[in-house]
Amino acid sequence: MTQRIDLLILNAAQLVTCMGDDCPRRRGAMDELHIVEDGAVAVSDGLIVDVGPSARLRAAYRAGQEIDASGRAVIPGLVDPHTHVVFGGDRADEFELRIRGASYMEIMAAGGGIRSTVARTRAATEAELIAAARRRLDEMLACGTTTVEIKSGYGLDTATELKMLRVIEELDRIHPCTLIPTFLGAHTLPPEYAEDGAGYVDLVIEEMIPAVAAWYAASRFAAGGRPFFIDAFCEEHAFDVAQSRRILAAGKAAGMTPKLHADQFNALGGVEMAVGLGAVSVDHLEVSGTAEIALLAQSDTLAVPLPAANFNLGECRFAPARELVDAGAALALATDLNPGSAPCFSMALVMAIACRYQRLLPGEALLAATINAAHAVNMAATVGSIEAGKQADLLILKASDYRHAAYFFGGNPVELVIKAGSVIHADRGLKRNS
Ligand code: NIG
Ligand code: FE
């Protein structure tokens with residue numbers, strides 16, 4: 001008896017399942033991809049129903065649509081667990097200023113950087129923010145990213161933070177990508193609080209956190225069982241450890257799960273604080289040392305390097321990803337897409353940088369961009385691997401070997417994007433006459 005299903009993908013040279021235990025991969029398990037050669041995937045109602053050798057699945061199922069993946073690797077849809085996709089304007093001027101010699105921190109200290117995007121985001125309508133972010137998500141999806149965490153943090157007043165969260169909610173409704181919202185009210189001090197950090201922290205805790213918690217409770221995210229995170233930028237010219245702790249703890253008390261931007265330029269002690277609070281991840285980690293590596297290795301908090309920010313800023317001190325994996329930390333990768341430090345759409349490019357400058361193996365980079373990235377946004381029960389019961393988010397690569405995702409760079413390694421069981425993007429190359 002053959003079972004009727006919607007979609008059958010057959011003959012994959014490598015079906016890279018990334019399956020395994022329910023917890024994030026660590027150490028040696030970071031390079032166990034669980035590849036099925038000549039593999040197949042059966043999909044119905046947007047979910048994966050079976051995974052295995054083509055011969056078995058071909059005999060077991062009758063599908064409305066079949067896709068021949070011969071000569072191709074099939075991998076899970078990529079998960080980008082740290083982005084700032086919603087923003088007004090751009091910062092091409094700062095891109096040029098940095099080439100001329102100004103540093104990211106100098107520009108920020110002079111009132112540019114995040115604050116210049118705050119001004120443009122406050123001035124933008126919701127429709128403008130949606131239209132611009134939608135195009136960015138299209139680009140990310142074409143590069144294989146099917147799940148995206150998006151932070152607020154360019155409002156820095158209650159009304160604009162709520163506006164950004166509503167924009168993320170609308171994008172989740174209209175865009176095929178699965179979106180995860182994060183409240184980043186503590187991104188930097190807005191100009192009106194430039195001399196009053198304590199006052200701004202009070203505003204975040206007393207006014208913004210209750211307001212965004214109420215937004216979430218009534219949102220499609222809560223209704224769909226999607227998580228909600230709170231994040232802070234623990235850094236000079238942003239928030240110190242005590243301020244970051246107060247904000248994350250208040251968010252946690254209001255039902256949000258903490259994350260932290262830590263150790264990007266200065267190691268202030270944010271990692272220890274975040275691990276102590278049970279943060280799901282600490283992100284950046286460029287200047288983390290042996291103490292932070294040991295803390296993360298012994299914790300359930302994921303370490304999330306953002307090497308596209310190094311690449312973009314020309315900062316040669318990368319997060320110690322190799323050392324983190326070897327010490328036993330759970331590691332994920334993200335683009336950090338934003339108009340300042342990381343104007344990067346592509347998780348494949350992030351993997352390419354991590355392999356070359358942080359000495360991750362291609363398989364480790366892939367797990368860091370799929371199942372471990374899903375853990376970094378508490379979505380691993382739904383996405384991040386090719387396993388029965390999970391959402392059918394799958395990529396067919398242009399090559400037969402998954403390592404090409406990180407090996408060739410600068411192009412797009414993805415030929416076909418399947419999101420929740422539907423083919424939503426295809427790159428079959430140019431039409432030729434002969
Ligand atoms: O993760 N470091 C702080 N926040 C962002 C940068 C945002 C921006 O420059 O606009 C980051 O790099
Ligand atoms: Fe960031």
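The values are calculated or read from the model by the stated rules, or taken from the named source; none is laboratory data. Everything quoted here is computed from the prediction, not taken from an experiment. Positions of Cβ are generated from backbone atoms using ideal geometry, with glycine treated the same way; all protein chains shown enter the neighbour counts. Just the protein is used for accessible areas: all its heavy atoms, side chains included, with ligands, DNA and RNA removed. Shrake-Rupley method; radii C 1.70, N 1.55, O 1.52, S 1.80 Å.
Charge tally for residue 380 (other residues, Cβ to Cβ under 12 Å; Lys, Arg +1; Asp, Glu -1): -1. Distance from a point 7 Å along Cα→Cβ of residue 266 to each backbone N in the range 282-312: keep the residues under 12 Å and list them by number. What the label zone holds, given the 12 Å backbone N cut-off, is no residue at all. Just need the Rg to Rh number for the range 74-186, please, alpha carbons only, Kirkwood Rh. That ratio equals 1.00. The figure for residue 316 is an accessible area of roughly 120 square angstrom, using a 1.4 Å probe on the protein chains alone. Out of every Cα pair in the range 315-434, what percent are spaced more than 26 Å from each other? Roughly 24 percent, once rounded to a whole number.
Summing charges over all other residues whose Cβ lies under 14 Å from the Cβ of residue 173, with Lys and Arg as +1 and Asp and Glu as -1, gives 0.
Scaled to the globular estimate 2.2 N^0.38 Å, the Cα spread of the range 176-278, given as radius of gyration, is 1.08. Kindly work out what percent of the DSSP beta bridges joining two residues of the range 1-138 are antiparallel, to the nearest 5. For the range 1-138, the DSSP antiparallel bridge percentage is about 60.
Mind checking the range 140-248 for GluC sites (Glu not before Pro) that DSSP puts in a loop (not H, G, I, E or B) and that have at most 13 other Cβ atoms within 10 Å? The partial results should precede the final answer.
Working: sites: 149, 161, 169, 170, 192, 195, 206, 207, 235, 236; in loops: 195, 235, 236.
Answer by residue number: 195, 236.
Tally the DSSP beta bridges in the chain and give the antiparallel ones as a percent, rounded to 5.
Values: 25 of 57 bridges.
If I count the DSSP bridges inside the chain, around 45 percent turn out antiparallel.
Taking all protein chains in place and a 1.4 Å probe, what share, in percent, of the accessible surface of the range 92-227 do carbon and sulfur account for? Walk me through the numbers on the way to the answer.
Numbers: 2780 of 5260 Å².
Its accessible area is 53 percent carbon and sulfur atoms.
Using Cα-Cα distances under 8 Å and only pairs 6 or more residues apart, what relative contact order does the range 344-401 have, in percent? Over the range 344-401, the number comes to 18 percent. Relative to the longest principal axis of the Cα atoms of the chain, the long axis of helix 347-357 lies at roughly 80 degrees. Here the sum of -39500 (n - 2.57) over DSSP H runs of 4 or more residues, divided by the residues of the chain, equals -10000 deg cm²/dmol at 222 nm, to the nearest 500. In this structure the chain gives 38 Å² per residue of accessible area when probed at 1.4 Å with all protein chains present.
Checking a compactness column here: for the chain, what do you get for Rg(Cα) / (2.2 N^0.38 Å), N being the number of residues? Dividing the Cα Rg of the chain by 2.2 N^0.38 Å gives 0.96. The trypsin sites (Lys or Arg not before Pro) found in the range 345-406 include none that occupy coil by DSSP while having at most 14 further C-beta atoms within 10 Å.
Return the loop-located trypsin sites (Lys or Arg not before Pro) in the range 36-104 (DSSP other than H, G, I, E, B) with at most 14 other Cβ atoms within 10 Å of their own Cβ; answer none if there are none. Mind dumping the intermediate values first?
Values: sites: 56, 58, 62, 72, 91, 98, 100; in loops: 72, 91, 100.
Filter output for the range 36-104: 100.
Measuring nothing but alpha carbons in the range 75-120 and taking Rh as the Kirkwood radius, the Rg to Rh ratio lands at 1.13. Just how far, in whole angstrom, is the range 228-305 from the range 157-189 if you go by their alpha carbon centroids? Between the Cα centres of the range 157-189 and the range 228-305 lies a distance of 20 Å.
Give the Debye-formula value of log10 I(q)/I(0) at each listed q (0.12 Å⁻¹), with one equal scatterer per alpha carbon of the range 218-328, two decimals each. Debye output, listed in q order: -0.42.
Using the alpha-carbon atoms, what tilt in degrees (0 to 90, nearest 10) does helix 126-142 show relative to the longest principal axis of the chain? For 126-142 against the chain, the angle is about 40 degrees.
A cut-off under 14 angstrom between Cβ atoms defines the neighbours of residue 61, and their net charge, with Lys, Arg +1 and Asp, Glu -1, is 0. For the range 211-296, the relative contact order comes to 25 percent (Cα pairs under 8 Å, sequence separation of at least 6). Across the chain, the mean sequence separation of Cα contacts (distance under 8 Å, 6 or more residues apart), normalised by length, yields a relative contact order of 21 percent.
In degrees from 0 to 90, rounded to the nearest 10, what is the angle of the helix 158-174 Cα long axis to the longest principal axis of the chain? Once rounded, one gets 10 degrees.
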